[in-house]
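Step one of this worksheet: look at the structure below.
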Amino acid sequence: MKTPVDINRRMNRRDPRESGSTLVELMIAIAILAVVTGAILSQLGTASQRISAEQIKVDNFDEARDFVDQFFRDINQIGYPNGRIVSFSPTISDSRVAVGLVKISATSLWFEGDINGTGVVQSVQYMINGSGSCTLCLQRSAVAKVNGANPLTGQAAADWGTEVNDLTTTTIFTYFDSNGNQVTATPAKDINNNGAVLASVKTIHISLTIQNNAVLDPKTGQAIQTSFEGEVSLNNCSLAATGIAPMSCQ
């Protein structure tokens, strides 16, 4: 006859096969968990890379947009104040009036205008590598116009500041007349030699493409590229055509 002690001993004894089966199941569960975890981590890594790539695009776009916004504000003041609103007969060297466009090319733009609204006419330049130390940068300079000096040859040295980096664009500026015809700016045209051409410009188109070859898109393996374009019309008369009144818009 079995005693209660014998019964308890049999109940507490486990079949070794039961223990092995449980271990195999546990190992399978761990393996499945490892695969799932690896897949999740891989997706998280890819998502993180995509987010980083998109953030770079956003940063580049914001940089270009801020620069172009400044450009548009400046362009709206080209040729202001002009000879129509003064009581004297203006010349291109008079610092009380802005001549308008001074020089144009595919990669640079030079003009005069009261860009700050202070009554002081500024000589403003936009140029790729204006400072000579940034080959892939579009830079901006604004200095007070020198009275009695030629707008092209007699102005103060440029003071290069705001810039857009990592440019790949070969043509930044494109020019059009009032009829929508493109105004040729290659080679460059300036107020001393091509005044009538400058005075015919009505619209300026700006196109920027930014690409840092050191930053690659993780999905395509290509350098991340961001583009920005805009167009603005000139509002004021130009003195570039003749150097004195009458002006281009009369």
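What the table below lists for this structure:
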item	result
Qualifying positions in the stretch 186-240 - under 25 Å from the mean Cα position of the chain (by Cα) and within 18 Å of P81 (Cα to Cα)	V201, K202, S233, L234, N235
Residue among G180, G119, G113 that alone is in the same structural domain as R96 (by TED's automatic domain parsing) and touching a residue at least 40 places away in the same chain (Cβ under 8 Å)	G113
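Matching residues to (1) modelled with pLDDT under 80; (2) in the same structural domain as T174 (by TED's automatic domain parsing); (3) touching a His at 6+ places or on another chain (Cβ under 7 Å):
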| site | (1), (2), (3) |
| --- | --- |
| I210 | no, yes, no |
| A214 | yes, yes, no |
| G221 | yes, yes, no |
| F228 | no, yes, no |
| A240 | no, no, no |
| G243 | yes, no, no |
| M247 | yes, no, no |
| Q250 | yes, no, no |
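The values are calculated or read from the model by the stated rules, or taken from the named source; none is laboratory data. The model shown is predicted, which means the values in this text are computed figures rather than measured ones. Note that each Cβ is placed from the backbone with ideal geometry, even for glycine, and that neighbours are counted across all protein chains shown.
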